[in-house]
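So the structure is just underneath, and the comments pick up after that.
The values are calculated or read from the model by the stated rules, or taken from the named source; none is laboratory data. It should be emphasised that the depicted structure is a prediction, and the values quoted were computed from it without experimental measurement. These accessible areas exclude ligands, DNA and RNA; they are computed on the full protein's heavy atoms, side chains included. Shrake-Rupley method; radii C 1.70, N 1.55, O 1.52, S 1.80 Å.
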Amino acid sequence: QVQLVESGGGLVQPGGSLRLVCAASGSIVSINTMGWYRQAPGKQRELVASITRGGIKNYTDSAKGRFTISRDNDKGTVYLQMKSLKPEDTAIYYCNAAIRVSGQVDISDYWGQGTQVTVSS
């Protein structure tokens, strides 16, 4: 019904950059807040950054100044530009979106399948 498909993960050296992309598809009426979460081995999933439909952004402290979230409302796509990557950024990154689906009144949370980001020399 609704799919979030992420891409752009990979292996990068410390100090390097990566750009994650998440595209939503399906019977979508509207998309509210979109965000990126990450989960490192043995740790809980945590919010990295989020952006409202109107463009208001929120970042976790560790992402401020290094990561930039943006979105294209027409394409239903959210991006995460990551710079100055550190080994501690290594995690599976998940896309999240609050979506109203055709035929439904309520807004539901949807998740992508995750994309691995590994920062290592």
Self-check item: Whole-number percent relative contact order across the stretch 1-93, with pairs defined as alpha carbons under 8 Å at least 6 apart
Solution: 32 percent
Quiz item: For the chain, taking Cα atoms only, what is the radius of gyration to one decimal and the Dmax to the nearest whole Å?
Solution: 14.2, 49
Quiz item: So who's got an amide H within less than 5 Å of the one on VAL101, skipping anything under 5 residues away but keeping other chains? H placed 1.01 Å off N, in plane.
Solution: VAL29, SER108
Practice problem: In whole Hz, with x marking every Gly and Pro, tabulate ³J(HN,Hα) for the stretch 73-85 from phi via Karplus 6.51 cos²θ - 1.76 cosθ + 1.60, θ = phi - 60°. | Solution: 5, 5, 9, x, 10, 10, 10, 9, 8, 10, 10, 6, 5
Quiz prompt | Value of Rg/Rh across the stretch 9-75 [Cα atoms, Kirkwood radius] | solution = 0.99
Exercise. Compute the accessible area per residue over the stretch 9-103, keeping the other protein chains in place, probe 1.4 Å, unit Å².
Key: 50 Å²
Quiz item: Accessible area of LEU18, 1.4 Å probe, to the nearest 10 Å²?
Solution: 30 Å²
Self-check item: DSSP-defined beta bridges in the chain - what % are antiparallel, rounded to 5
Solution: 95 percent
Quiz prompt | Sulfur and carbon atoms: percent of accessible area, the chain [1.4 Å] | solution = 46 percent
Quiz item: What list of ³J(HN,Hα) values in whole Hz, one per residue of the stretch 66-71 in order, does the Karplus curve 6.51 cos²θ - 1.76 cosθ + 1.60 (θ = phi - 60°) give from phi, with Gly and Pro shown as x?
Solution: 10, 10, 10, 9, 8, 8
